[in-house]
Structure formats: C-alpha cells, structure tokens
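Heads up, the thing below is written out as structure tokens.
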Amino acid sequence: MPSPESSLLQSWHDNADAWIEVIRSGAIESRQQVTDQAIVLAIMGRQPQRVLDLGCGEGWLLRALADRGIEAVGVDGDARLIEAAHLAGAARVHVASYEALVDGKVDIGRDYNLVCANFSLLHQDIIPLLAAMNALLVPTGVVVIQTLHPWSVAAGDYQDGWREESFAGFKGQWQPMPWYFRTLSSWLNALDMAGFQLAGLQEPQHPQSPVPQSLLMVAERR
Ligand SMILES: C[S@@+](CC[C@H](N)C(=O)[O-])C[C@H]1O[C@@H](n2cnc3c(N)ncnc32)[C@H](O)[C@@H]1O
C-alpha cells in the first residue's frame, strides 16, 4: 500500500493538467474573491527582496510577485506544473519533492527574505520541511503560510488526521487527494518546533460568507 504522503504527491501528477485549467480560468471563487489577494498583501507587507514559493504549482504567485518587482523562486514536486510555471514566464523554478528538500538533495538557493506556502502544506510531517525552510532564510526572514481554515473544514471532527479531497464540483478529470487536517494548535506547535515564532495570524473572509476562507500565518525565525 502506498503511504498517504506518496499518494498525495501522486495525485498532483495525475491532476496537474486539470489544476492548471482551474487556476488559470479563475474557477475557484474563494481564490478570486479573497485568498489570492490575502497572500499577496501579506507578502508585500514584509517588503521582501527574495521570495521562495514552496509548492508553487503552476506559478500564479510567482508571476504576481515578479509583476511587483520581487525576485521569486518556485519549487514544486510535480514536473508538469513546474514546466507550466516556466512556460508562463517564471524565470527560476525547481522540481523537487518536499522529501528531497528535507534531505538537502536539491539546491534551490538560500538567503531568502521570505518563504511562502499557499495551500501547499498538505502532508503530515511538516516540521522537518519547515525547519529546512528556516535554514534557507536570512536571520530576519519569515515564513508566510496560507492554508485551509481548520474551523471551516473540520466537518465536526476537530482533530489532526488524514482526510480525502474528491474535487467534487471541479470541472475535469480528478483523482482524489489525501491531505492532512491540522488543528490551529497543531499548526502553531509545528511552527514552534521548526524554530519559528508567530508574528501574525489572519482569517481572510468574504463579507458574504459565514466562515473564513483560509488561515494565514506569518512567523519569524527565532
Ligand atoms: C493546492 S496546490 C497549491 C499550488 C500553489 N501554491 C497555488 O497557490 O496555486 C498544492 C501544491 O503542493 C505541491 N506538493 C504537494 N505535496 C508535495 C510534495 N510532497 N513535494 C513537493 N510538492 C508537493 C503540489 O505539487 C501542488 O503544486
């Protein structure tokens, strides 16, 4: 039986084309209305010169940052998504799994002012990855994580554990994706264990929605 971690990355290999289509057609309303702007503003608020986009996907955030004069480097474990990011203009992108980054097997540069992860920390064992990212930051560096808001997606089961996303309601052919649900305290513990201290927490919300669209954390190196 493959582990949930390997099925998770495999699902991105299977879903890459459908994902590119969904993102580039603007089909995810919460992204259009709330979360894209939220992460761009959170990053810009830190005025970074160099940003690493961890799990950059097809690269929309790399393009948004480059348009604002920021040197942005992307890394993702799916070669098709990285190819799409490159073809759409991202100058510096790397294919690497999180496991390879933890093991230090791939050189993705260092001395970043900021590492961002936009809905890309979906696996269980995030502490070694966050610690590896910590080591790539300048001493004053920060990590910016936007993720599913645990209270919005708990569905009555508020404890850490693997769940499955079926992508029901998305157009196209999709393979289900395992992902790891994490409570708020679990997120904060993970940041702490990886050598970060929380500097800001936001719950981006649309005025017409009763629940937040995401959880957005900014944490500084300790
Ligand atoms: C929901 S997408 C988000 C993509 C992008 N950050 C965005 O905002 O559109 C999650 C991304 O995480 C990447 N990812 C998930 N698990 C990974 C792993 N173990 N190693 C490398 N990349 C991984 C996927 O390939 C995918 O591009």
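Since every read-out is calculated from the coordinates, none of them should be taken as a lab result. Just so it is clear, the model here is predicted, and its values are computed rather than measured. Cβ coordinates were reconstructed from backbone atoms using ideal geometry, including for glycine residues, and neighbour counts include every protein chain displayed.
Take the residues of segment 100-122 that are over 23 Å from MET217 (Cβ atoms) and within 11 Å of the ligand (Cβ to nearest atom): which is surrounded by the most Cβ atoms within 10 Å (Cβ to Cβ)?
ALA100
Go through segment 150-193 and give me each residue that's more than 29 Å from GLU220 (Cα to Cα) and among the aliphatic types (A, V, I, L, M).
ALA155, ALA168, MET177
For segment 5-37, what are the residues that are hydrophobic (A, V, I, L, M, F, W, C) and more than 29 Å from ALA100 (Cα to Cα)? Explain how you work it out, then say what you get.
Our first condition is that a residue be hydrophobic (A, V, I, L, M, F, W, C); within segment 5-37, this holds for 8-9, 12, 16, 18-20, 22-23, 27-28, 34.
ALA27, ILE28, VAL34, listed by residue number.
Mind counting the residues in segment 126-154 that are in contact (Cβ under 8 Å) with a residue 40 or more places away in the chain and assigned to a loop (DSSP other than H, G, I, E, B)?
Final tally of qualifying residues: 3.
Considering only segment 56-81, state which residues are in contact with an Asp or Glu (Cβ under 8 Å, 6 or more places away or on another chain), more than 9 Å from the ligand (Cβ to nearest atom) and free of Cβ contacts under 8 Å to residues at least 24 places away in the same chain.
ALA72
Pairs needed: first member in segment 12-39, within 11 Å of the ligand (Cβ to nearest atom); second member anywhere, aliphatic (A, V, I, L, M); C-beta distance under 6 Å; at least 6 residues apart or different chains.
These pairs meet every condition: ALA16/LEU81; ILE20/ALA84.
Within segment 155-222, considering only strands (runs of 3 or more DSSP E) that don't extend past its boundaries, which have at least 1 residues that are loosely packed, with under 14 Cβ neighbours inside 10 Å?
On the way: elements: 161-165, 177-181, 196-202, 215-221.
Strands (runs of 3 or more DSSP E) meeting the threshold: 161-165, 196-202.
Could you grab the pairs with beta carbons closer than 8 Å, sequence gap of 6+ or different chains, first residue in segment 106-125 and in contact (Cβ under 8 Å) with a residue 12 or more places away in the chain and at positive phi, second one part of a strand (DSSP E or B) and crowded, with 24+ Cβ neighbours inside 10 Å?
GLY109/LEU52; PHE119/GLN146
Given the criterion out of contact with any helix residue (DSSP H, G or I) (no Cβ under 6 Å at 6 or more places or on another chain) and over 21 Å from GLU203 (Cβ atoms), identify the matching residue among PRO139, PRO178, PRO128. Walk me through how you get there before you give the answer.
Working: PRO178 fails: out of contact with any helix residue (DSSP H, G or I) (no Cβ under 6 Å at 6 or more places or on another chain); PRO128 fails: out of contact with any helix residue (DSSP H, G or I) (no Cβ under 6 Å at 6 or more places or on another chain).
Only one candidate qualifies: PRO139.
Restricting to segment 82-92, count the residues that are within 15 Å of the ligand (Cβ to nearest atom) and either among the small types (Gly, Ala, Ser) or surrounded by fewer than 23 Cβ atoms within 10 Å (Cβ to Cβ) (or both).
Of the residues in segment 82-92, the ones within 15 Å of the ligand (Cβ to nearest atom) are 82-86, 88, 90.
Restricting the remaining residues to those that are either among the small types (Gly, Ala, Ser) or surrounded by fewer than 23 Cβ atoms within 10 Å (Cβ to Cβ) (or both) gives 83-86, 88, 90.
Looking only at that region, the number is 6.
So in segment 123-146, with the set limited to residues that are more than 12 Å from the ligand (Cβ to nearest atom) and of a type in the set (Val, Ile, Thr), which one is surrounded by the fewest Cβ atoms within 10 Å (Cβ to Cβ)?
The qualifying residue surrounded by the fewest Cβ atoms within 10 Å (Cβ to Cβ) is THR140.
Restricted to segment 9-18, and to residues that are under 19 Å from TRP179 (Cα atoms) and more than 14 Å from the chain's Cα centre (by Cα), which residue is surrounded by the fewest Cβ atoms within 10 Å (Cβ to Cβ)?
First, the residues of segment 9-18 that are under 19 Å from TRP179 (Cα atoms): 9-16, 18.
Next cut, more than 14 Å from the chain's Cα centre (by Cα) only: 10-11, 13-16, 18.
Numbers: GLN10: 16, SER11: 22, HIS13: 13, ASP14: 18, ASN15: 23, ALA16: 20, ALA18: 16.
Among those that are under 19 Å from TRP179 (Cα atoms) and more than 14 Å from the chain's Cα centre (by Cα), it is HIS13.
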